[in-house]
1. Do you know the relative contact order of segment 176-329, to the nearest whole percent, from alpha carbon pairs under 8 angstrom that are 6+ apart?
2. Could you give the dipole magnitude of segment 83-207 about its Cα centre, charging the beta-carbon of Lys and Arg +1 and that of Asp and Glu -1, in debye to the nearest 20?
3. So how far apart, in nm, are the two label points at Glu244 and Ile173 if each is 7 Å from Cα heading toward Cβ?
4. Within segment 73-89, find all residues whose amide N lies under 20 Å from a label point positioned 7 Å from the Cα of Thr108 along Cα-to-beta-carbon.
5. State the Cα centre-to-centre distance between segment 259-330 and segment 104-154 in whole Å.
6. Which label belongs to the value computed from this structure, given these candidates for Rg and Dmax of the Cα atoms in Å: (i) 21.6, 69; (ii) 22.2, 77; (iii) 21.3, 74?
7. In nm, give the distance between the simple-model label positions of Asn266 and Val18, each being 7 Å from the Cα along the Cα-to-Cβ direction.
8. Could you calculate the contour length gain from Thr129 to Val309, that is, 0.36 nm times the residue separation minus the distance between their Cα atoms, to one decimal place in nm?
Amino acid sequence: MPITSVTKDPENLTMTVVADFPVPLQRLWDAYVDPRQISKFWGPPAWPATFTRHDAFPGGRSDYFMTGHDEFPAHGYWEWIDVKAPEGESASFEVRDGFAHPDGTPKTDHPTMRMVFQFESTDAGARLTTTSFFSSPDELAQLLEMGIEQGLTEAMAQIDDVLADLASFAHGIGTETEVLSETQVRITRVIRGTVEDVWRAHTEPELLQRWLLGPDGWVMPVCEVSTGVGGSYRYEWTREDGSERFGFTGEVLEIEPPHRSVTTENFFLSDGTYPGEPTTNELTLTAQESGTLLTLVVTYPSAEVRDMVLATGMADGMEASYARLETVLS
C-alpha cells in the first residue's frame, strides 16, 4: 500500500492524499499520462476504468468510463488545466474531474472537483501528493458520501503492480492494439523521438512519403496534407511496379499541434469507388522517458467492420511503418 496519509480539510474544502513509491519520478509520471497504464489503476477494483481519450497538455481532455456491477458504465471526464512535465526533481498537472453522459457531455447536475497532482523526487523514489478541491461543503459531503475517498485510495493501491510492469509499456514492444468498445480500437506505439519530430513526420508530405508505406514493396505517389480544421487530405499507395493502387481521403475535424489531431478516413479503390463507411481517427502524442507515446483511437461504423479490419493484419503493416519512421527520425 503506497498511501502515506489522507487528510480531509472541511474548512478549506480539500482532501489531500500522499503516496510514496519506490520508483523514479519519471516512471510514476509516465504511468499517469499513458492511457494504457492509468486504465489499470484509476478505477477501484470493483469499478475498473477505461480511458478512451487522454490529453496530457493544457486545454486537453480525457474521457473514461468505469464498469461495475450496474448494467451501464459510469462515465467521467478530465479537463486539463495545467501541465508541468518532469524537470529536475518535480512535476505536476491539474485537471477538473467530473461526471459525464455516455456521449461525453458533462452531467451538470453532478458535482465536479479540481485535482492537482504534485510529483516530487525522494531519497527512496517518488512522492505523489493529490489534492482535490471542492466547490462547496455540500459538494464535499456529497462526493464523500459517494465514496470518493475509498475509491481514490483503493485505486492508488493498485499502482505498484503497474509500476513494476515496465516491460509492457516501454519502447521496444512494437505496435499494440486494444479493443475499447464495440466500435473503438486503440493502437499504441512508443516512437524513439520527440513529440515535435513525430508530429512533423505526420504533417510534412516529404516525411510521410518516406515512412507511411506499410510492408516493403509499396510507394506513396500521392500525399496531400491539410493542417487546418475543415481541410481535406488524400493519400495514395501503389506497389513499386504501379499496380494495386488504393488510398484514403478524409477531413480534419480537430487539430492541436503538436499533440492531437482528429480526422475522418475513407478507403477508396483504384476505380474511385468507396467500398465502406468512413472511420474517425484520433491521434495523440505524449512525451515519455523512452520517446513519444503515439496513441491512435479508431472509431468504426460497427463491430463487424472493426473485426474485419483487425483481421486484415493491420497492426503488422502499421508496425512496419512505425519502425521505418524511427529510422527516418534517427
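1. Values: 322 pairs, mean separation 43.8, N = 154.
Once divided by the residue count of segment 176-329, the mean separation gives 28 percent.
2. Value, rounded to 20: 240 debye.
3. For the pair Glu244/Ile173, the computed spacing is 3.1 nm.
4. Answer for segment 73-89: 75-79.
5. 34 Å
6. Entry (iii).
7. Those two pseudo-labels are separated by 5.8 nm.
8. Values: separation 180, 0.36 × 180 = 64.80 nm, distance 4.28 nm.
Roughly 60.5 nm would be gained on extension.
Read-outs throughout are calculated quantities, based only on the coordinates presented, and are distinct from any laboratory measurement. Nothing here was measured: the structure is a model prediction, and the numbers come from that model. Cβ: placed from backbone, ideal geometry, glycine included. Neighbour counts: every protein chain shown.
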